[in-house]
Ligand code: ADP
């Protein structure tokens, strides 16, 4: 059984992530979407909220599981029994960082391979960061994220509390 991990911050999940998840799920028997709880960053959404949003986005994908994790990706992959890490590549700007990460991970755990899926043309410009910037200035983000994520974002921006999904 081939298990893959698609790790990321998903703060919040966008149509670009959803596209990579759907395509990756078709390549492996089980896909674990690893939601990084990075204590050094201060995300807009809590891990709990990000997991809930991802569960909603993947509810029609039976071989996808959403799992939060902390620490090294290779440790998480080993613990999960995954042999493949999947990352999305948008533009040349992603490449340098991704290459470095993939090679570092391969040094630490040669049994785990990183594979890259190139972004679909429709989403190549899309990032969680720009979505947050647009939303912060009251812009319409409905083309970038599912409706419930946009609603959650509005709640977050207005109340700064936990958003109910
Ligand atoms: P990180 O914080 O680790 O960069 P992100 O949550 O931003 O994580 O993204 C997780 C993964 O999804 C990364 O491999 C990133 O390149 C990819 N990704 C993000 N947005 C898109 C997109 N629009 N199209 C394809 N891949 C994307």
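Annotations for the structure displayed:
- Residue satisfying all of: in the stretch 1-18; more than 17 Å from residue 148 (Cα to Cα) and in contact with a helix residue (DSSP H, G or I) (Cβ under 9 Å, 6 or more places away or on another chain); surrounded by the most Cβ atoms within 10 Å (Cβ to Cβ) among these: 5
- Qualifying residue in the stretch 129-137 (condition: closer than 23 Å to residue 11 by Cβ, within 9 Å of the ligand (Cβ to nearest atom) and under 19 Å from the mean Cα position of the chain (by Cα)): yes
- Scanning the stretch 1-36 for residues that are over 22 Å from residue 48 (Cα atoms) and within 13 Å of the ligand (Cβ to nearest atom) returns 23, 24.
- The stretch 149-162: number of residues that are touching a residue at least 60 places away in the same chain (Cβ under 8 Å) and closer than 11 Å to residue 14 by Cα: 1
- In the set (1) within 16 Å of the ligand (Cβ to nearest atom); (2) free of Cβ contacts under 8 Å to residues at least 40 places away in the same chain, the condition left unmet by residue 145 is number (2).
- Residue within the stretch 109-121 that is under 26 Å from residue 29 (Cα atoms), modelled with pLDDT under 95 and either touching a helix residue (DSSP H, G or I) at 6+ places or on another chain (Cβ under 8 Å) or away from the ligand (no atom under 14 Å from the Cβ) (or both) present: yes
- A Cβ distance below 7 Å, combined with a sequence gap of six or more or placement on separate chains, defines the contacts here; from the stretch 118-137, residues that are under 17 Å from residue 86 (Cα atoms) reach residues that are loosely packed, with under 15 Cβ neighbours inside 10 Å in the pairs 124/91.
- The residue of the stretch 37-51 that is farthest from the ligand (Cβ to nearest atom), among those that are assigned to a helix (DSSP H, G or I) and closer than 20 Å to residue 76 by Cα, is 48.
- Qualifying residue in the stretch 34-48 (condition: surrounded by fewer than 22 Cβ atoms within 10 Å (Cβ to Cβ), touching a residue at least 12 places away in the same chain (Cβ under 8 Å), in contact with a helix residue (DSSP H, G or I) (Cβ under 6 Å, 6 or more places away or on another chain) and over 23 Å from residue 124 (Cα atoms)): yes
- Taking the criterion of being in contact (Cβ under 8 Å) with a residue 40 or more places away in the chain and within 14 Å of the ligand (Cβ to nearest atom), the residues of the stretch 71-95 that qualify are 73, 76, 84, 85, 86, 87, 88, 90.
The values are calculated or read from the model by the stated rules, or taken from the named source; none is laboratory data. The model shown is predicted, which means the values in this text are computed figures rather than measured ones. Note that each Cβ is placed from the backbone with ideal geometry, even for glycine, and that neighbours are counted across all protein chains shown.
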